[in-house]
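Since the structure comes first, as C-alpha cells, the remarks are kept for the end.
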Amino acid sequence: MKTLICLSLCCSLFSGCSFKNVKPWEKESLAKPIMQFGGIHGAVSKYESHVYFSKEAARGGAGVGGGGCGCN
Amino acid sequence: MQLNRLSLITILALSTHASLHAENYVTVDFLQYNENDNRVAVSAPSVSAAYDIGTDFSVRADFVNDAITGATPVWQSDALTDGGSGASGRVVNNTGDYVYKNQSFNDVRNAWSIGATRRFENRDELNVGINYSRESDYDSKSISLDYMHYTDASHNRSINFGISGAFDEILVKSIANGGKYRDDDDDKSYYKDDDYDSESGASQKETSNTINLQLGVNQILNETSSLKVDAFAVLSAGYLTNPHQRVVRNYNSAFQSLGDESRPDKRTAYGVALKHIVLLGDSVSLNSNYRYYTDDWQINSHTLEENAYYEASKNLTLGAGVRYYTQTAASFYNASKEHFTDEIYASSDQRLSQFNALTYKGSVDYKISDNLSYNLGAEFYEQSTGLKATMITTGAKYHF
C-alpha cells in the first residue's frame with residue numbers, strides 16, 4: 001500500500017507540473033560537473049554505497065550496476 | 001566563432017541529461033574506513049578508467065581491493081581459552097553463559113567490473129556491465145543491462161530501464177564443525193579446491209541469486225534544475241542467512257544452545273527514489289535525494305540526503321552533505337538471548353534491527369591543471385546502535 005502511495009505521488013508530481021522546453025543552447029548550467037546526480041566523484045559514491053550496503057538493510061534505487069559481496 | 005557556438009550547442013545537447021558524461025579518464029582512489037571499538041577497518045585502493053571509441057561507443061573498467069580487518073559483534077560462549085584458536089584452545093573459564101561481543105576476522109576482497117556503452121543515432125544509450133567479486137568465503141558474479149531512451153527531440157526527458165542478475169556462492173562455516181571449514185586437500189586454502197560435506201552440514205557451499213529491476217524518468221525542469229524518479233525492485237532467493245551470525249535458543253531451559261542464525265530463503269523488496277538537483281546562482285548546486293524502501297521481511301526504510309557543491313574558483317570546488325537513514329526491524333530479529341526458542345527464522349544481527357543513522361561529510365576538489373584534479377573527502381557515520389565510523393577518501397583523476 002505504501003509503495004502504491006509513493007508511486008501515485010510520483011505520477012501526480014509529473015502529471016501536475018508543466019516543464020519548460022529547454023533548448024540545447026540553454027543547458028550550459030546543467031552541463032556543469034557540480035550538476036550531476038551522482039556527485040562529482042564517482043569513486044567516492046561507490047565507496048559510500050558499499051559502506052551503506054554493508055551496514056544497513058535497505059538497498060536498491062541507485063542503478064542496476066555493481067556486484068554483490070559477503071559484507072552483509 | 002559560429003563554429004564554436006555550434007560545437008558548444010552540440011556538446012551540450014549530447015552531454016546534458018545523459019546518464020553518462022562521455023570522457024576519457026583514469027582515476028586512482030583510496031578509502032580508509034574505521035569503526036569505533038576496534039571493530040571493522042578497511043583499506044581500499046581502487047582504479048577506474050573510461051575510454052570513448054568514436055562518438056558512439058565507450059568502454060570502462062574498475063578494480064577495487066578491500067583489505068578488511070577487525071571484529072564484528074556476534075553471540076558467543078563466554079568461555080575463555082588459554083590462547084589456542086577455536087577448538088584447540090584449552091577452556092580456562094566457562095560460566096555457561098553467552099555474551100554479544102566482537103569476533104575477530106580479516107579478509108581480502110577483490111572486485112572487477114567492465115562495461116560498455118552504445119549510443120544510437122538519437123543518442124539513446126545502451127549500457128552493459130559485468131562484475132566479479134571474490135572473498136575467501138564469498139564469490140559474486142553479476143551482469144547488468146540498462147537502456148535510456150529520450151522521449152523528446154530536445155532531450156529534456158528520458159526514461160530508463162535497467163535489469164541486473166547477481167549469482168553468489170557462499171562458503172558456510174557451520175558452528176556444528178566448531179566454526180572451521182573442512183580443508184580436504186590440506187592446502188590451507190578452504191575454498192574452491194575442497195569438497196563440502198553437505199550431508200553432515202559440517203561445511204558447505206550455498207548459493208543465492210538476486211534480480212535488480214529499475215524503471216525511471218529523468219526530466220529537465222528548466223535551465224537550472226532536473227528531477228529524476230526511479231521505481232525499483234530487488235528480488236533475492238537462496239541462502240540469504242549471514243554465515244557469521246549466531247543466535248541463542250531456549251536460554252531459559254535445560255536445552256539452551258548457541259546456533260547459526262536463520263533467515264528466509266526469499267526476499268522481495270520494492271522502493272522509490274527521487275533525486276532533484278538545482279543550481280543556485282552561478283556556482284552552488286543543491287542535490288536532494290529521497291528513497292523509500294520496503295520488503296517482505298517487514299523492513300521499511302526512509303533515506304534523506306542533501307549534498308551541496310560550491311565552485312569557489314575555477315580550480316577549487318568544495319562539497320558538504322548530510323544523510324539521514326532510518327529502518328524498522330526485520331520480523332525475525334531480536335537482540336535478546338532469552339527470546340528465541342524453536343522459531344524457523346531467527347537473527348540477532350544488528351543490521352536487521354530498528355535504528356537510525358546520520359552521515360556528515362565534506363570534500364575538496366582541486367584542479368591542478370586542465371587534465372589533472374585531486375580530491376580529498378571525509379565522512380562521519382553514526383548509528384543509533386552505537387556504531388560510529390569515519391571514512392577518509394582521496395584520489396586523483398586524469399583526463400585525456
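The values are calculated or read from the model by the stated rules, or taken from the named source; none is laboratory data. Here the structure is a predicted model, which is why all the values come from computation and not from measurement. Neighbour counts run over all protein chains shown; Cβ positions are idealised from the backbone, glycine included. Keep in mind that these areas ignore ligands, DNA and RNA; they rest on the heavy atoms of the full protein, side chains included. Shrake-Rupley method; radii C 1.70, N 1.55, O 1.52, S 1.80 Å.
Residues that are modelled with pLDDT under 95 and surrounded by fewer than 16 Cβ atoms within 10 Å (Cβ to Cβ) were ranked within segment B:25-38; the one that is farthest from B:Asp62 (Cα to Cα) is B:Asp37.
Residue-by-condition table, conditions (1) modelled with pLDDT of 80 or more; (2) open to solvent by 70 Å² or more (accessible area, probe 1.4 Å):
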| residue | (1), (2) |
| --- | --- |
| A:Leu9 | no, yes |
| A:Ser12 | no, no |
| A:Val22 | yes, no |
| A:Ile40 | yes, no |
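If we keep just the residues of segment B:360-374 that are in contact (Cβ under 8 Å) with a residue 40 or more places away in the chain and in a strand (DSSP E or B), which is surrounded by the most Cβ atoms within 10 Å (Cβ to Cβ)?
Keep residues of segment B:360-374 that are in contact (Cβ under 8 Å) with a residue 40 or more places away in the chain, which gives B:361-368.
After this cut, where a residue has to be in a strand (DSSP E or B) as well, the list is B:361-367.
On the way: B:Lys361: 20, B:Gly362: 13, B:Ser363: 21, B:Val364: 15, B:Asp365: 23, B:Tyr366: 16, B:Lys367: 17.
Among those residues, the one meeting the criterion is B:Asp365.
So is B:Ser384 among the small types (Gly, Ala, Ser) and modelled with pLDDT of 95 or more or not? Answer is yes for this residue.
Comparison of B:Tyr324, B:Tyr251 shows that the only residue that is farther than 30 Å from B:Asp370 by Cβ, open to solvent by 20 Å² or more (accessible area, probe 1.4 Å) and within 18 Å of the chain's Cα centre (by Cα) is B:Tyr324.
Please verify whether B:Leu304 is of a type in the set (A, V, I, L, M, F, W, C), open to solvent by 60 Å² or more (accessible area, probe 1.4 Å) and more than 18 Å from the chain's Cα centre (by Cα), treating the condition exactly as stated. No, not satisfied.
Scoring B:Tyr309 on the criteria (1) under 18 Å from A:His41 (Cβ atoms); (2) surrounded by fewer than 21 Cβ atoms within 10 Å (Cβ to Cβ) leaves a single failure, condition (2).
Pull up segment B:290-301, narrow it to residues that are open to solvent by 30 Å² or more (accessible area, probe 1.4 Å) and in a strand (DSSP E or B), then point me to the one that is nearest to the other protein chains (Cβ to nearest Cβ). Before the answer, list the steps.
First, pick out the residues of segment B:290-301 that are open to solvent by 30 Å² or more (accessible area, probe 1.4 Å): B:290-291, B:296, B:298, B:300.
The next check asks that each one be in a strand (DSSP E or B); those that pass are B:290-291, B:300.
Working: B:Tyr290: 10, B:Arg291: 5, B:Asn300: 7 Å.
The residue in question is B:Arg291.
Here is a yes/no grid of residues against (1) open to solvent by 30 Å² or more (accessible area, probe 1.4 Å); (2) farther than 27 Å from B:Leu286 by Cα; (3) under 22 Å from the mean Cα position of the chain (by Cα); (4) within 7 Å of chain A (Cβ to nearest Cβ):
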{"position": "B:Ser226", "(1), (2), (3), (4)": "no, no, no, yes"}
{"position": "B:Arg246", "(1), (2), (3), (4)": "no, yes, no, no"}
{"position": "B:Gln256", "(1), (2), (3), (4)": "yes, yes, no, no"}
{"position": "B:Asp260", "(1), (2), (3), (4)": "yes, yes, no, no"}
{"position": "B:Thr268", "(1), (2), (3), (4)": "yes, yes, yes, no"}
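Within segment B:270-286, being open to solvent by less than 50 Å² (accessible area, probe 1.4 Å) and not aliphatic (A, V, I, L, M) holds for B:Gly271, B:Lys275, B:Ser283, B:Ser285. Kindly establish whether B:Ala346 is more than 20 Å from A:Met35 (Cα to Cα), touching a Ser or Thr at 6+ places or on another chain (Cβ under 7 Å) and small (Gly, Ala, Ser). Judged against the criteria, B:Ala346 is a match.
Every residue, every condition in (1) in a strand (DSSP E or B); (2) at pLDDT 85 or above; (3) open to solvent by less than 30 Å² (accessible area, probe 1.4 Å); (4) out of contact with any helix residue (DSSP H, G or I) (no Cβ under 8 Å at 6 or more places or on another chain), yes or no:
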residue	(1), (2), (3), (4)
B:Asp52	yes, yes, no, yes
B:Ser58	yes, yes, yes, yes
B:Ala61	yes, yes, no, yes
B:Asn65	yes, yes, no, yes
B:Ile68	yes, yes, yes, yes
B:Ala71	yes, no, yes, yes
B:Trp75	yes, yes, yes, yes
B:Gly83	no, no, no, yes
B:Val92	yes, no, no, yes
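Among the residues here, B:Ala378 qualifies as aliphatic (A, V, I, L, M) and either within 9 Å of another protein chain (Cβ to nearest Cβ) or farther than 30 Å from B:Ala254 by Cα (or both).
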